[in-house]
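First comes the structure, then the notes that go with it.
The values are calculated or read from the model by the stated rules, or taken from the named source; none is laboratory data. These numbers come from a predicted model, not from an experiment. Cβ atoms come from the backbone with ideal geometry, glycine included; neighbour counts cover every protein chain shown. These area figures cover heavy atoms from the full protein model, side chains too; ligands, DNA and RNA do not enter into them. Shrake-Rupley method; radii C 1.70, N 1.55, O 1.52, S 1.80 Å.
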Amino acid sequence: MMERKEALYEGKAKIIYATNHPDEYLVYYKDDATAGNGAKRGTIADKGVMNNKMTAFFFDLLAKEGIAHHYISMPSDREMIVKKLTIIPLEVIIRNVAAGSLAQRLGLEEGVPMPFPVIEYCYKNDDLGDPMLNRYHIRAMKIATDAELDEIERMSLKINDVLTKFLKTKKVDLIDFKLEFGKDAQGNIILADEISPDNCRFWDSDTKEKLDKDRFRRDLGNVEDAYKEMLHRLTGEA
Ligand code: TMP
């Protein structure tokens, strides 16, 4: 029987607990939402439940395509048991269409397709505001080796392929998304964190309506409805 023990880490949207199993953590998904590195705060009703379910759904989908991930089981609507990993402190961002900070930085109109998936890295460090890194920085800082980065990029592009094709059948465009990876005791690279409207941009394929956290970030309204709509399109759940 899995027991929840002490909290090890509280992030903006999740709490990580120890369990009675030494190789497993429990992730608790909160309804709290932040944007702009904590500058904007709020809650999105039942976000924790919906993100937990959507993440489990995507991880199951990816496992069928050979992607190793940390998800083990879902003991409750807001809780996920995951494999204990050493998290690599990188945010790996994959972009299919210009939006958000890329559109701003390069002066591109939001919605312009990229000719191929563009990968970016940010250093997970709140005090520094998660600065962007390139492969030289990552190597110099000893955040990951080149071989590890090659594997991270291979997995990220495969994940992008699987998710893009699947979401197309649900009339959703995958604009961009953020992944995190960890290493297991054997040094294998494993997909971690979550895949949800918090860390992906999802646009309705026909109307281009935003079905993701940009509705919160940009005060567009109908935030809960967007998460519910994504959960419904993925799992059929009302
Ligand atoms: P950006 O356009 O703000 O850089 O975001 C790109 C994608 O990555 C978008 O889907 C949101 C996601 N993301 C996170 O999940 N966490 C972050 O800290 C950042 C910067 C982006």
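Okay, here's what the table says:
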read-out: First in region 67-81 and over 12 Å from MET2 (Cα atoms) and in contact (Cβ under 8 Å) with a residue 24 or more places away in the chain, second anywhere and hydroxyl-bearing (Ser, Thr, Tyr) and open to solvent by less than 50 Å² (accessible area, probe 1.4 Å), Cβ under 6 Å, 6 or more apart; value: ARG78/TYR29
read-out: The listed residue being under 22 Å from ILE67 (Cα atoms), of a type outside the set (A, V, I, L, M, F, W, C) and either within 16 Å of the ligand (Cβ to nearest atom) or surrounded by 15 or more Cβ atoms within 10 Å (Cβ to Cβ) (or both), out of LYS178, LYS165; value: LYS178
read-out: Index of the failed condition, HIS21 passing every other in (1) over 18 Å from ASP161 (Cα atoms); (2) not in a loop (DSSP other than H, G, I, E, B); value: (2)
read-out: Test: residue in region 201-222 that is in contact with a helix residue (DSSP H, G or I) (Cβ under 8 Å, 6 or more places away or on another chain), in contact (Cβ under 8 Å) with a residue 40 or more places away in the chain and part of a strand (DSSP E or B); value: yes
read-out: Check on GLY221, more than 27 Å from TYR28 (Cβ to Cβ), surrounded by fewer than 19 Cβ atoms within 10 Å (Cβ to Cβ) and not aliphatic (A, V, I, L, M); value: yes
read-out: Residue under evaluation ASP127, criteria (1) open to solvent by 40 Å² or more (accessible area, probe 1.4 Å); (2) under 20 Å from GLY38 (Cα atoms); (3) within 12 Å of the ligand (Cβ to nearest atom); (4) out of contact with any Cys (no Cβ under 8 Å at 6 or more places or on another chain), criterion not met; value: (3)
read-out: Filter pass, TYR17 being in contact with an Asp or Glu (Cβ under 6 Å, 6 or more places away or on another chain) and among the aromatic types (Phe, Trp, Tyr); value: no
read-out: In region 202-236, the residues that are within 11 Å of the ligand (Cβ to nearest atom) and touching a Leu at 6+ places or on another chain (Cβ under 6 Å); value: PHE202
read-out: Leading residue by the ranking (farthest from the ligand (Cβ to nearest atom)) among those in region 191-201 that are of a type in the set (A, V, I, L, M, F, W, C) and buried (at least 22 other Cβ atoms within 10 Å of the Cβ); value: LEU191
read-out: Residues of region 8-38 satisfying the condition of being free of Cβ contacts under 8 Å to residues at least 12 places away in the same chain and open to solvent by 60 Å² or more (accessible area, probe 1.4 Å); value: TYR9, GLU10
read-out: Subset of region 138-173 [part of a helix (DSSP H, G or I), of a type in the set (A, V, I, L, M, F, W, C) and over 19 Å from the mean Cα position of the chain (by Cα)]; value: ILE138, ALA140, ALA147
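Matching residues to (1) of a type in the set (A, V, I, L, M); (2) away from the ligand (no atom under 16 Å from the Cβ); (3) more than 24 Å from PHE216 (Cβ to Cβ):
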site	(1), (2), (3)
ILE16	yes, yes, no
ASN37	no, no, no
MET54	yes, no, no
GLY66	no, yes, yes
HIS70	no, yes, yes
ILE88	yes, no, yes
SER101	no, no, no
